[in-house]
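> Here it is, the structure in full.
Please treat every number below as a calculation from the coordinates, not as lab data. Predicted, not measured: the structure shown is a model, and the values here were computed from it. Methodologically, a virtual Cβ is constructed for each residue, glycine included, from the backbone with ideal geometry; neighbour enumeration extends over all protein chains shown.
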Amino acid sequence: MGVRLDKQLVKVDQVVGEDKVQAIVEGSIMLPYGKPDIEKVLSVEAKVNTENLDVNVIDDKVVIEGYVDVEALYVGKVPAESQPVHFVEGNVDFSVFAKIPGARKNMDVKVKGRVEHVQFFQNNTRPREIEVRIIVEFFVKVTKRVQLEIVVGATGPADLQVLKESIRIDHVVGEGRAQKVVKSEVDVPPKKPDILEILKAEGKVRTTETKALDNKVVIEGVLEIDILYVGDVREGLPQQPVHFMEAEIPFTEFVEVPDCRHDMSKTVKVSVEHIRARKKDERSITVEAVLDIKAKVLEPKTIEVVEDLFSPSQRLDVKKTKVKVDKVIGEGENQIVVKETFKVPVEKPPIEQIFKTEARVKVTETQIIEDKVVVEGVLKLETLYVAEAPYCSPQQPVHFVENETPFTIFVEIPGAREDMALDYEVEVEHVSSKVDPNDSRRYEVRVVLKLVAKVTRMVQMDVVVDVEEAAEEEKKGEKKEYKDDKPYMTIYIVQKGDTLWKIAKRYNVTLDAIIKANNIANPDLIYPGQKLIIPRQMH
């Protein structure tokens with residue numbers, strides 16, 4: 001009797017390889033103009049700027065370029081009555097690579113970086129520099145899209161033994177791509193000089209919200225623009241020729257993904273393909289950018305994969321293949337309420353009525369600790385309000401204030417460990433604000449934050465892809481092993497790393513036969529040194 005296999009077709013991101021790489025980053029932080037010389041450096045903190053990493057996949061290698069943000073506190077060389085402690089910040093560039101055999105240009109890559117150690121040095125001959133030496137570590141994973149026909153069940157001889165492993169994977173429902181042209185005019189800030197000539201424009205995208213709908217993914221975000229220009233400065237003023245300005249342009253776009261549903265998870269990647277800035281007049285600039293948007297929709301699936309099989313009564317030729325996939329350890333979500341009270345700046349009038357408050361999230365740190373995911377960040381709050389009547393006329397009645405407040409949110413995921421991979425999304429679910437009834441210069445903001453997190457671990461499995469009955473000569477050779485003088489039973493001493501499956505296959509007997517012969521209550525619980533009776537399998 002032959003073996004019939006039940007197969008299931010899945011599309012997954014198969015892991016090509018992963019690696020951890022360390023590098024030593026060295027550089028100097030220069031004191032800006034206006035800061036006093038250094039008497040003594042008190043502390044230095046550093047963090048990898050993950051928002052501005054330049055990651056490129058080439059053959060068998062991933063190249064990572066970027067910079068480390070550095071913040072330092074120091075005692076200045078100033079008179080005793082002056083402020084002694086000062087703060088300075090800067091960044092140090094780095095370029096590292098990870099070896100990933102099999103990596104190719106168009107494959108997907110995930111990079112997670114962190115600072116392991118910081119050293120700082122004070123050079124007495126250069127009192128306006130802080131030398132730093134930073135050890136950074138990067139975790140790199142490269143994946144490729146594959147379609148696998150996985151064996152999920154098998155039937156055949158009555159004594160057919162089947163070993164299954166239940167795993168949760170992300171089945172790729174589909175993916176799509178779109179291009180978006182963002183065009184807008186931006187004004188030069190009031191305190192900046194007129195434009196003589198634009199030198200350079202750079203842009204990056206901050207995604208503010210993504211939604212999975214039927215057959216499409218909607219993306220909302222902001223194009224953040226940095227512009228360098230030559231200023232037209234009047235005579236008699238300091239002739240600083242080059243000036244810098246920032247601007248933001250919001251955008252909304254959708255990507256068609258067939259079979260997408262609102263309850264599915266999604267990943268979105270937006271990059272700036274091209275950006276151009278042209279002078280419109282002395283106080284305004286026309287910006288045009290082309291955004292490349294990729295969206296992928298995933299559906300978690302739990303499948304039982306056949307890892308091995310054999311039959312004591314029939315010689316089988318089992319064909320296997322190695323599969324590397326991300327096994328889902330767990331996922332979860334949590335909500336918190338962030339509540340904070342703020343004061344209107346002294347140069348602004350008191351509040352009559354708050355028009356609206358908007359909040360956006362900036363994540364500063366993520367970490368996986370045992371059975372838990374922790375996300376830290378900053379809420380950027382923008383409040384638009386109407387000033388009290390005495391201040392409204394002839395002054396501007398509507399005013400705008402900005403504030404920031406930190407947050408920490410976590411979600412429990414049993415089985416999560418530090419060396420695993422994390423996918424997460426922090427969303428602003430609701431924002432409300434109100435004026436303090438006893439003080440019109442104070443107001444309270446409440447923000448409901450939601451964290452959705454998923455933890456995965458790369459697993460490598462040998463899975464069955466096909467089974468054939470052995471050739472006649474193999475079966476004849478197999479039968480010679482069963483002689484009348486073969487012992488009725490064998491005593492086997494369990495070795496480290498043994499499983500009941502391995503022992504049963506080695507002696508070509510069913511698991512049930514060993515379990516019954518030894519009165520084993522839990523087949524998954526055997527220990528080194530344990531003596532097992534291996535009964536003879538009768539044919």
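> Can you give the translational diffusion coefficient of the range 485-539 in µm²/s, computed by Stokes-Einstein from the Kirkwood radius over Cα pairs at 20 °C and 1.002 mPa s?
Translational D for this selection: 189 µm²/s.
> What order do you get for 373-381, 146-154 when each peptide is scored by the mean count of other beta carbon atoms within 10 Å, highest first?
373-381, 146-154
> At a threshold of 8 angstrom on Cα-Cα distance, excluding pairs fewer than six apart, so keeping six or more, what relative contact order does the chain reach in percent?
Computed value for the chain: 13 percent relative contact order.
> If you put +1 on each Lys and Arg Cβ and -1 on each Asp and Glu Cβ, how big is the dipole of the range 339-389 around its Cα centre, in Debye rounded to 20?
120 debye
> Work through the residues other than Phe251 whose Cβ is under 9 Å from its Cβ and net out their charges, Lys, Arg +1 and Asp, Glu -1.
-1
> Assuming 0.36 nm per residue, please report the length gained on full extension of the stretch Glu429 to Glu412 beyond their Cα-Cα distance.
That works out to 4.1 nm of additional length.
> Moving to a separate point now. Quick one: net charge of Leu381's neighbours, Cβ under 9 Å, K/R +1, D/E -1?
-3
> Then there is this: Could you work out the pair-distance distribution P(r) of the range 17-142 from its alpha-carbon pairs, with 10 angstrom bin width and percents rounded to whole numbers?
All Cα pairs considered, the percentages come to 13, 37, 24, 15, 9, 2, 0.
> I'd like to compare 208-221, 329-342, 523-536: which one has the highest average count of other Cβ atoms within 10 Å, and what's the full order after that?
Output ranking for 208-221, 329-342, 523-536: 208-221, 329-342, 523-536.
> Could I have the simple spin-label model distance between Asn518 and Arg536, label points 7 Å from Cα toward Cβ, reported in nm to one decimal?
Result for the modelled spin labels: 2.0 nm.
> Which value, in Å³ per residue, describes the convex hull spanned by the Cα atoms of the range 174-298?
Once divided by residue count, the hull of the range 174-298 is 85 Å³.
> Can I ask one more? Taking R0 as 30 Å, what's the FRET efficiency between Glu197 and Glu71 from their Cβ-Cβ distance, rounded to 0.05?
Computed FRET efficiency for Glu197 and Glu71 comes out at 0.30.
> Separation between the Glu444 and Asn49 pseudo-spin-labels, each 7 Å from Cα along Cα→Cβ, expressed in nm?
According to this spin-label approximation, the distance is 3.8 nm.
> So if I place +1 on the C-beta of Lys and Arg and -1 on the C-beta of Asp and Glu, and nothing else carries charge, what would the dipole magnitude of the range 17-142 be about its Cα centre? I want it in debye, nearest 20.
Once rounded to the nearest 20, the dipole reads 200 debye.
> Whole angstrom only: what separates the Cα centroid of the range 96-138 from the Cα centroid of the range 152-186?
Centre-to-centre distance over Cα atoms comes out at 34 Å.
> How many nm is it between the label spots at Glu89 and Val386, if each spot is 7 Å from the Cα in line with the beta carbon?
3.7 nm
> In angstroms, what radius of gyration and Dmax does the range 329-458 have, counting Cα atoms only?
18.9, 65
> Using 0.36 nm times the number of residues separating Glu376 and Gln119, minus their current alpha carbon distance, what extension gain do you get?
Additional length available on full extension: 90.1 nm.
> With viscosity set to 0.692 mPa s at 37 °C, what whole-number translational diffusion coefficient in µm²/s follows for the chain from Stokes-Einstein and a Kirkwood radius over Cα pairs?
113 µm²/s
> Another one. What does the charge add up to near Leu298, with Lys and Arg as +1, Asp and Glu as -1, over the other residues with Cβ less than 13 Å from its Cβ?
-3
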